[in-house]
Amino acid sequence: MFLSRSRPPGFTLIELLVVIAIIAVLIGLLLPAIQKVREAAARMSSQNNLKQIALASHGYHDARDHYPPAFSWSSGRWNIPGMQDGTAFTHILPYVEGGNLHNLIEASASDSRALTNKSAAEDAPSPPKVYLNPSDETCPTDGQQFHKDVGMNYAAGSYAANYQLFGSVTKNSTAATAAPTVVKRNRAVTVTDGLSNTIAFAEKQTVFRNPSSYDQFNIYAYPSTQFLGHIPMFGFERAGLSVSAAPSPTGPTDASGLMAGPLSKFQVRPAVEGTTGLANWYQAHAPRESGILVALGDGSVRMMSPSVTGETWWAACTPSAGDLAESW
């Protein structure tokens, strides 16, 4: 006599749908949490990058008794005697474990187009990872951008130096061929507003415009006057600048469009395509809605909220104007 075995009841369709719904809800709750963790990790990485960059500028200062210039090149009105072509970021390469790349750039300095660029068929030397911001959605993983207009690859970056602190030449050298009268080399002792009150570096979007039309991006090592708007800096000011000039998404063609004063306040997640809200070449850019990370002159890093006024931003940019920024 055989006894029949009863099978345990299986899931009914309704029960299965309930389980699937519960799993979907859990995934829906988990994804935002994962995204927040990723954003926090990216923000912390950018904060560490800025701290390393700021400390590297201190290393440069300790070795030479002045900060590196925001930019310089070996000809024309921006020539700084005895100074290698490049930007603040090329000058501090030895202090961010980029000594070999710095030597490569220095060896090619006789060619004004040779700083970390190669033909379209070659790869440009990638910048140090410390120059790439994981919070910047426009930043390529290797830091390279292809410039269609000139058919070359360049090494780009996600940060910018405050021209008000690092400077270049005196602002009264306005003619394109005029020789600089006095080289502006700021030292820590000249920052009378205090290093802890003065912005040294800030986040800046890597790509400014849609690469499918015309590549405009933040080139950390290119010093040519042809691409002044690509230099990784903000707060640029010289004689003839109208501080009330409206931002120009296509980049200025003369001094009247350069960004200084309260209107130079950073943009928040500016667009790279379209007709409105485009990134301005001469401003810093916050890659997140909550604000922009800035490294102060003392090496500390803080978040500046988008709600700060343009006056507060500019007061934090000027190192010795006696206009200490209100609490932010």
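The values are calculated or read from the model by the stated rules, or taken from the named source; none is laboratory data. Quantities reported herein were computed from a predicted structural model and do not represent experimental measurements. As a convention, Cβ positions derive from the backbone with ideal geometry for all residues, glycine included, and neighbour counts pool all protein chains shown.
Could you please find all residues in region 305-319 being part of a helix (DSSP H, G or I) and surrounded by 15 or more Cβ atoms within 10 Å (Cβ to Cβ)?
Once the filter is applied, which keeps residues that are part of a helix (DSSP H, G or I) and surrounded by 15 or more Cβ atoms within 10 Å (Cβ to Cβ), region 305-319 yields T312, W313, W314, A315, A316, C317.
Has region 236-250 got any residue that is surrounded by 15 or more Cβ atoms within 10 Å (Cβ to Cβ), at pLDDT 65 or above and closer than 21 Å to A54 by Cα?
yes
Does P94 meet the test of being modelled with pLDDT of 65 or more and in contact with a Ser or Thr (Cβ under 6 Å, 6 or more places away or on another chain)?
No, not satisfied.
Report yes if some residue within region 120-133 is in a loop (DSSP other than H, G, I, E, B), surrounded by fewer than 17 Cβ atoms within 10 Å (Cβ to Cβ) and modelled with pLDDT of 65 or more; otherwise report no.
Checked against the condition, which is being in a loop (DSSP other than H, G, I, E, B), surrounded by fewer than 17 Cβ atoms within 10 Å (Cβ to Cβ) and modelled with pLDDT of 65 or more, region 120-133 yields no hits at all.
Just to be sure before I move on: is A21 in a helix (DSSP H, G or I), more than 18 Å from the chain's Cα centre (by Cα) and either modelled with pLDDT of 90 or more or surrounded by fewer than 12 Cβ atoms within 10 Å (Cβ to Cβ) (or both) in the structure I sent?
yes
What pairs come out if I take residues in region 311-328 that are over 11 Å from Q164 (Cβ atoms) and pair them with residues that are part of a loop (DSSP other than H, G, I, E, B) and not basic (K, R) whose C-beta lies under 6 Å away, six or more apart or interchain?
Here the result reads T312/A325; T312/E326; T312/W328; L324/D193; W328/V308, each pair linking region 311-328 to a residue that is part of a loop (DSSP other than H, G, I, E, B) and not basic (K, R).
Do any residues in region 130-141 that are within 10 Å of Q205 (Cα to Cα) have Cβ atoms under 9 Å from those of residues that are among the basic types (K, R) and part of a loop (DSSP other than H, G, I, E, B), where the two are at least six apart or on different chains, and which pairs are they?
Cβ pairs passing all conditions: N133/K204; D136/K204; E137/R269.
What are the pairs, 6+ residues apart or on separate chains, where a residue within region 34-51 that is closer than 15 Å to V301 by Cβ has its Cβ under 7 Å from a residue that is at pLDDT below 95 and of a type in the set (S, T, N, Q)?
A42/S135; R43/S135; S46/N133; S46/S135; N49/N133
Looking at the structure I just gave you, is T116 within 18 Å of the chain's Cα centre (by Cα), modelled with pLDDT of 65 or more and of a type in the set (V, I, T)?
Spelling it out, it is not the case that T116 is within 18 Å of the chain's Cα centre (by Cα), modelled with pLDDT of 65 or more and of a type in the set (V, I, T).
Could you please find all residues in region 282-304 being closer than 23 Å to T206 by Cβ and part of a loop (DSSP other than H, G, I, E, B)?
Across region 282-304, the qualifying residues are Y282, Q283, A284, P287, E289, S290.
Quick test for you: out of V308, V268, V294, V272, pick the one residue that is among the β-branched types (V, I, T) and closer than 14 Å to N162 by Cα.
Only one candidate passes the filter, namely V294.
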